[in-house]
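Before any comments, here is the structure.
The values are calculated or read from the model by the stated rules, or taken from the named source; none is laboratory data. Note that the coordinates shown come from a computational prediction; the quantities given were computed from them, not determined experimentally. So basically every Cβ, Gly included, is an ideal-geometry build from the backbone, and we count neighbours across all protein chains shown. The area values use the complete protein model at the heavy-atom level, side chains included, leaving out ligands, DNA and RNA. Shrake-Rupley method; radii C 1.70, N 1.55, O 1.52, S 1.80 Å.
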Amino acid sequence: MNTAIKTDVVVIGAGPVGLFAIFECGMMRLKCHVVDALEIVGGQCAALYPEKPIYDIPGFPRVEASELIKNLEKQALPFNPVYHLNQQVEVLQSLEDNRWLVKTSAGTQINTKVVIIAAGCGAFGPNRPPLAGIDAYEGKSVLYYIQKREQFTNQRVVIAGGGDSAVDWALSLSEIAKKVMVVHRRPKFRAAPESEEQLHRFVAQGKIELVVPYQLDGLEGHNGQLETVIVKTLEGESRRLETDYLLPFFGLSMNLGPINDWGLNLEKHHIQVEPGTCATNQSGILAIGDIATYPHKLKLILTGFAEAAQAAHTARSLVHPGEVWHFEHSTTQGVPHKETAAA
Ligand SMILES: Cc1cc2nc3c(=O)[nH]c(=O)nc-3n(C[C@H](O)[C@H](O)[C@H](O)COP(=O)(O)OP(=O)(O)OC[C@H]3O[C@@H](n4cnc5c(N)ncnc54)[C@H](O)[C@@H]3O)c2cc1C
């Protein structure tokens, strides 16, 4: 029995470009399912720099990355996209009737006419500290991404890591948390110099406690609620930090992974596409955004947005071959109300 969901388009990757592809496909009356390996939408913007301002999005002199993602999600909403998060697309299987079967690590199967790969630099996930029993706390009191800053109001937080994310979040959370402790294995940080200076100012003012040179060594708590983080120096001296949350920021591992096996023409970890259509060498598979390459490609969000529009037009002609599509500007076409969008 085939339990696969049927749709027009599967978008692989819910980064900024994948999210805009949902809107563009929606305007072409195409229904999208979207898969992302991360548990949140927004790709690099959400996972790597949510609080950083972006200055080169047309029409927005300055927009925080998280705000851009919120708006892209809102713009896609009238077209009722179905998100399959926290799962990686592992297999693209060619079917007899010029369709594709998309299979994910969570067992989701989607039968689709078109696949749009908006996979950035591949599936990425957090580098998890190798601590016994950490999985019992993950998603509850050990968090790799921050979606709601307010949840840390009056809480004790241990942040582990020495890069931009660790330092930026320590500065930000010190405004609302009861206590912020930063665990790092050496006194020197890898963050932007001005952020590191501010970190040391906050430490001097007693707003942040530095726990250096220590490494994470163990966790204690009950039912997913962390109570103590145990840290150790290389010499074996140990400390117990009482806390409500642990935020390990050890970067993300990025990996083209299964994309290498999909029979696509690759060039230095990117998928070669035809400019103008975003078509790959496999019929029905398109690629856009950071992962797509062609001569003189600019790896910018705005380039990816244009590619999303081009790919949506290509997808329309693949889903409805031979049909003459009457192009209308969005000002003429409008967008459906959420309830009446592509069913
Ligand atoms: C610190 C920083 C600052 C930046 N500043 C700017 C800027 O000012 N202006 C600008 O234009 N750009 C900037 N960029 C670059 C910009 O973020 C990228 O160009 C943009 O994120 C690319 O979007 P995307 O949707 O193509 O890919 P991504 O944002 O990388 O999203 C790809 C998504 O695909 C998912 N994925 C991959 N493979 C799979 C799979 N097999 N199954 C399921 N999911 C998968 C990933 O988990 C990820 O969520 C910056 C980048 C960084 C790191």
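What to note about this one:
- Local electrostatic count at residue 166 - Lys and Arg +1, Asp and Glu -1, tallied over other residues with Cβ under 14 Å: -1
- Sulfur and carbon atoms: percent of accessible area, the chain [1.4 Å]: 50
- With a cut-off of 11 Å between beta carbons, the residues surrounding residue 270 carry a summed charge of +1, where Lys and Arg count +1 and Asp and Glu -1.
- Charges were assigned to the Cβ only: +1 to each Lys and Arg, -1 to each Asp and Glu. The resulting dipole of the range 128-250 about its Cα centre is roughly 80 debye.
- Cross-link partners for residue 140 among the lysines, with Cα-Cα distance under 17 Å and sequence neighbours closer than 8 places in the same chain left out: 148.
- Straight Cα distances below 16 angstrom link residue 299 to the lysines 268, with same-chain residues fewer than 8 positions distant left out.
- The helix-based estimate of mean residue ellipticity at 222 nm for the chain, built from -39,500 (n - 2.57) per DSSP H run of four or more residues and divided by its residue count, is -6500 deg cm²/dmol to the nearest 500.
- Placing 90, 24 in order of accessible area, with the largest value first and a 1.4 Å probe, yields 90, 24.
- Accessible area, probe 1.4 Å, largest first, for residues 207, 297, 148: 148, 207, 297
- Mean separation of Cα contacts under 8 Å (6+ apart) over length of the range 128-250, as relative contact order %: 34
- Debye log10 I(q)/I(0) at q = 0.14, 0.18, 0.21 Å⁻¹ for the range 128-250, Cα point scatterers: -0.53, -0.90, -1.24
- Whole-Å semi-axes of the ellipsoid equivalent to the range 1-146 (Cα gyration tensor, √5λ, descending): 26, 23, 11
- Signed unit charges on C-beta, dipole axis of the chain, positive-most listed residue 105, 205, 165: 205
- The distance separating the Cα centre of the range 66-90 from that of the range 228-282 comes to 20 Å.
- Debye log10 I(q)/I(0) at q = 0.08, 0.15 Å⁻¹ for the chain, Cα point scatterers: -0.45, -1.19
- Sorting 172, 330 by solvent-accessible area of protein heavy atoms yields 330, 172, largest first, with a 1.4 Å probe.
- By the rule of a C-alpha distance below 17 Å, with chain neighbours fewer than 8 residues away ignored, the aspartates and glutamates paired with residue 74 are 24, 64, 339.
- Placing +1 on each Lys and Arg Cβ and -1 on each Asp and Glu Cβ, with no other charges, gives the chain a dipole about its Cα centre of roughly 220 debye.
- Remark: the chain carries 49 Å² of accessible area per residue (probe radius 1.4 Å; ligands, DNA and RNA excluded).
- Per-selection Rg to Rh, the range 196-343 - Cα, Kirkwood hydrodynamic radius: 1.21
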